[in-house]
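Step one of this worksheet: look at the structure below.
The values are calculated or read from the model by the stated rules, or taken from the named source; none is laboratory data. Owing to the predicted nature of the structure, the values given are computational and were not obtained by experimental measurement. FYI the Cβ positions are ideal-geometry reconstructions off the backbone, even for glycines, and counts take in every protein chain you see. To get the accessible areas, we keep the full protein, side chains included, count just its heavy atoms, and leave off ligands, DNA and RNA. Shrake-Rupley method; radii C 1.70, N 1.55, O 1.52, S 1.80 Å.
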Amino acid sequence: MFDIVALDDDTADELGGLIGRRGQTLVSLQYLLNVIVARRLGGDHVFAVDAAGYRRRRERSLVEMAQEIAAEVRDTGDVITLEPLSAAERRIIHLAIEKEEGVRSESVGEGEERQVEVLPE
């Protein structure tokens with residue numbers, strides 16, 4: 001894991017540009033880093049890139065959201081469809097829902113429009 005941190009408030013404000021909208025710039029930077037490392041070193045070296053703890057905060061936020069949605073689905077019996085998410089974010093949601101009783105999840109849709117549905121069991 002490469003974690004980029006800010007040493008002062010001015011630098012912290014600038015890290016938003018490195019993170020990008022919904023973390024997309026971080027994802028692209030991570031992809032480029034892994035391509036370069038694979039070409040130079042070969043093998044199975046895989047690196048993650050984070051800036052100012054964005055990925056950890058986003059994961060916590062997704063897990064909390066999954067728990068809240070699971071409670072709502074259990075209470076109402078309704079199916080709830082989340083906004084489109086990246087494959088990594090969908091995986092976080094699926095893993096969080098697996099731990100919840102009385103609900104299940106599945107991915108629906110295609111490509112960048114792929115979403116998670118949370119359903120009662």
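So here's what we get for this one:
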read-out: One residue from Ala51, Ala38 being among the small types (Gly, Ala, Ser) and in contact (Cβ under 8 Å) with a residue 24 or more places away in the chain; value: Ala51
read-out: Members of the stretch 31-76 that are assigned to a helix (DSSP H, G or I), more than 24 Å from Val116 (Cβ to Cβ) and open to solvent by 60 Å² or more (accessible area, probe 1.4 Å); value: Leu32, Ile36, Arg39, Arg40, Leu41
read-out: All positions within the stretch 96-121 that are under 14 Å from Glu68 (Cα atoms) and in a helix (DSSP H, G or I); value: Ala96, Ile97, Glu98
read-out: Test: residue in the stretch 47-62 that is farther than 25 Å from Ala96 by Cα and not hydroxyl-bearing (Ser, Thr, Tyr); value: no
read-out: Residue, nearest to Arg90 (Cα to Cα), within the stretch 54-70, restricted to residues that are in contact with a strand residue (DSSP E or B) (Cβ under 8 Å, 6 or more places away or on another chain) and in contact (Cβ under 8 Å) with a residue 12 or more places away in the chain; value: Ala66
read-out: Tally, over the stretch 1-21, of residues that are in contact (Cβ under 8 Å) with a residue 40 or more places away in the chain and either open to solvent by 50 Å² or more (accessible area, probe 1.4 Å) or part of a helix (DSSP H, G or I) (or both); value: 6
read-out: Criterion: of a type in the set (D, E, K, R), within 28 Å of Ala6 (Cα to Cα) and modelled with pLDDT of 95 or more - qualifying residue of Glu64, Glu68; value: Glu64
read-out: Search result, residues across the stretch 80-109 that are surrounded by fewer than 15 Cβ atoms within 10 Å (Cβ to Cβ), modelled with pLDDT of 95 or more and out of contact with any helix residue (DSSP H, G or I) (no Cβ under 7 Å at 6 or more places or on another chain); value: Thr81, Glu83, Arg91, Leu95, Glu98, Lys99, Glu101, Glu106, Val108, Gly109
read-out: Close pairs (7 angstrom Cβ cut-off, 6 or more residues apart or separate chains): among the basic types (Lys, Arg) in the stretch 94-121, part of a helix (DSSP H, G or I) and open to solvent by less than 40 Å² (accessible area, probe 1.4 Å) anywhere; value: Arg104/Ile97; Arg114/Arg90
